Amino acid sequence: MRRASAYAPGHLTGFFQICDQPDDPLLKGSRGAGFSIDRGVHTTIQVEASDRDAITVIMDGAVTGEAVVTENVVMRMLSKLEEAQRIEVTHEIQTPMGAGFGSSGGGAITVALALNEALGLGLSYVEAARVAHLAEIECKTGLGTVFAVTAGGFGVLYKPGAPGIGKALKYDRSDELAAVYIAFGPISTSEALSDSALRRRINELGGRFVDEIKGDLNPSRFMELSRRFTDYVGIATPRMRAVMDKADEAGVPSTMAMFGEAVFSLVSKEDAPTVAGVYREAAPDHEVCMASVEERGARLL
């Protein structure tokens, strides 16, 4: 039995533009701004030869039949082999599922990296990452997340596309930053991306904000544009609004995670405990988390 493991940081997006018009899925993606955090997805792969292909996915200790992106990546990788394999995928997810933390894209890229290693397929890092990107595009669970979690850090993706095609600009002092966040629940990315009215609002503002932040990449500007984007898109729930209103009263920048029922602030490490206190006052019955910005992207362990 062969075994390999990989890790991808979580990722929070403040604003973005949908770029899914090209016919080539490698050219599909998004333009947007966000940052990776040091909580993410750990994936371990075990493989052995079998008389037929079989996939088992274990997520946070329980077997699941709903890991459609993971299964998509595995089938794409297995198609490169002639011999059947029995594959066991174990995901340990440190961020809230479906709440805008990039767990789907993180799961996809870690499966691609670890399975490439375990099966000895010989794909380059970019080639394996592109498999993950294609799976996310096909499953409609994300657009630019795979690229973002391969890049790491805080920055702006200004040219859409898969890893090796898209282009990003990174902030050079990410080690000084921390994220404070609170997650209430999931929002379906696939449903959101299929809503024509929502897509229109996103693209009316997202592309312009990407151009603006590219010329002035810093945390305070990012938070300002992200909040304006959140207010314009208009899908924040009442309990998210309650946290953001409390933060406004305290002079703390806050915004919504795209897409998830979660609120976050990107601030200096020195300010993070104070910001966390404001969040706790606004939602005393929910966990408030702090995380550092993760400069390194997805990688084998």
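Measuring spread by the Cα atoms of region 122-266 yields a radius of gyration and Dmax of 15.9, 54 Å.
The mean of 1/r over all pairs of different alpha-carbon atoms in region 256-301, once inverted, gives a Kirkwood hydrodynamic radius of 12.5 Å. Of all the options SER50, SER190, SER103, the one that moves most in a Gaussian network model of the chain with Cα springs shorter than 10 angstrom is SER50. Helix 103-119 axis versus longest C-alpha principal axis of the chain: approximately 30°, rounded to the nearest ten. Taking springs between alpha-carbon atoms closer than 10 angstrom, which of THR230, THR274, THR150 fluctuates most in the Gaussian network model of the chain? Per the Cα network of the chain with a 10 Å cutoff, THR274 tops the list.
Comparing GLY153, GLY105, GLY234 in a Gaussian network model of the chain where C-alpha atoms under 10 Å apart are linked, the largest mean-square fluctuation is found at GLY234. Taking one equal scatterer on every alpha-carbon of the chain, how large is log10 of I(q)/I(0) by Debye at q = 0.11, 0.15 1/Å? Cα-only, vacuum Debye calculation for the chain: -0.61, -1.10. When the charge dipole of the chain is built from unit charges on Cβ atoms (+1 for Lys and Arg, -1 for Asp and Glu) and taken about the Cα centre, the candidate among GLY206, TYR279, LEU78 whose Cα reaches farthest toward its positive end is GLY206. For the Cα atoms of the chain, what angle does the longest principal axis make with the long axis of helix 68-78, in degrees from 0 to 90, nearest 10? Relative to the chain, helix 68-78 is tipped by roughly 40 degrees. When both region 23-78 and region 216-240 are represented by their alpha-carbon centers, they are found 29 Å apart. Across region 1-111, the relative contact order, built from alpha-carbon pairs under 8 Å that are at least six residues apart, equals 35 percent. Residues with beta-carbon under 11 Å from that of ALA84, excluding ALA84: net charge, scoring Lys, Arg +1 and Asp, Glu -1? Once positives and negatives cancel, what remains is -3. Sparse packing (at most 13 other Cβ atoms within 10 Å of the Cβ) combined with a DSSP loop state is found for the following trypsin sites (Lys or Arg not before Pro) in region 53-90: LYS80. Only Cα pairs under 8 Å and 6+ residues apart enter the sum, and on that basis the relative contact order of the chain stands at 26 percent. As a ratio to 2.2 N^0.38 Å, the alpha-carbon radius of gyration computed for region 184-231 takes the value 1.31.
Remark: C-alpha extents of region 58-124 on the principal axes read 37, 25, 16 Å, sorted largest to smallest.
Principal semi-axes of the equivalent ellipsoid, √(5λ) from the alpha carbon gyration tensor of region 145-214, are 23, 18, 14 Å from largest down. State which entries of LYS80/LYS140; LYS80/LYS214; LYS140/LYS214; LYS246/LYS269 exceed 30 angstrom in Cα-Cα distance in the structure shown. In this structure, LYS80/LYS214 lie more than 30 Å apart at Cα.
Taking only alpha carbon atoms, region 216-282 gives an Rg to Rh ratio of 0.94, where Rh is the Kirkwood radius. Its Cα centre serving as origin, region 1-73 has a Cβ charge dipole (Lys and Arg +1, Asp and Glu -1) of approximately 280 debye. The packing ranking of peptides 22-29, 95-102, 33-40, 286-293, highest mean first, is 33-40, 95-102, 286-293, 22-29, where packing means the average number of other beta carbon atoms within 10 angstrom of each residue.
Taking Cα centre as origin and charging only the Cβ of basic (Lys, Arg, +1) and acidic (Asp, Glu, -1) residues, the dipole magnitude of the chain rounds to 540 debye.
Read the figures in this text as sums done on the coordinates, not as results from a lab. All values reported here derive from a predicted model rather than from experimental measurement. Every residue, glycine as well, gets a Cβ built from its backbone with ideal geometry; the counts of neighbours run over all protein chains shown.
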